[in-house]
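What follows draws every value from the coordinates through simple rules; no lab data is involved. Small disclaimer: the values here were computed from a predicted structure and weren't measured. When we count neighbours, we look across all protein chains shown, and the Cβ atoms used for this are built from the backbone with ideal geometry, even at glycine.
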Amino acid sequence: MSNAGKTVLYTGVTSNLFKRVYEHKHNLKGKFTQLYNCNILVYFEETNLSDAAINREKQIKGLSRTKKDALVNEKNPKWKDLSDGWYS
């Protein structure tokens, strides 16, 4: 998740992306994302293995900001909200 200015990136893990993004967009959970207004889904990965998801989250959190930006730019170069239209 990012904010409109692309100045903050939030990385998390969830078993229900649709629900978790909704919670971020409506400030229902996530103090960090509320504080920094991170409500734009710019990148996600999927797996059915919870251990793999947790390990990948830790790996991404350990990356430099430059490398995190590169991950987003590779799949979403315009940093569009990938959840546009999910809740209409």
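Would you mind calculating the gained length between K78 and E23 on full extension (0.36 nm times residue separation, minus the Cα-Cα distance), in nm to one decimal?
Net length gain for the segment: 17.4 nm.
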Of K25/K68; K25/K61; K25/K75; K19/K80; K25/K80; K29/K67, which ones are farther than 24 Å apart at the Cα? K29/K67
Overall Cα dimensions of the chain, principal axis frame, Å, largest first: 30, 27, 24
Given Cα pairs under 8 Å that are at least 6 residues apart, what percent is the relative contact order of the stretch 39-88? 62 percent
Once you mark the GluC sites (Glu not before Pro) that are in a DSSP loop and have at most 16 other Cβ atoms within 10 Å, what is the longest gap between them in the chain? 1-44
First select every other residue whose beta carbon is under 15 angstrom from the beta carbon of K61; then total the charges, Lys and Arg +1, Asp and Glu -1. +2
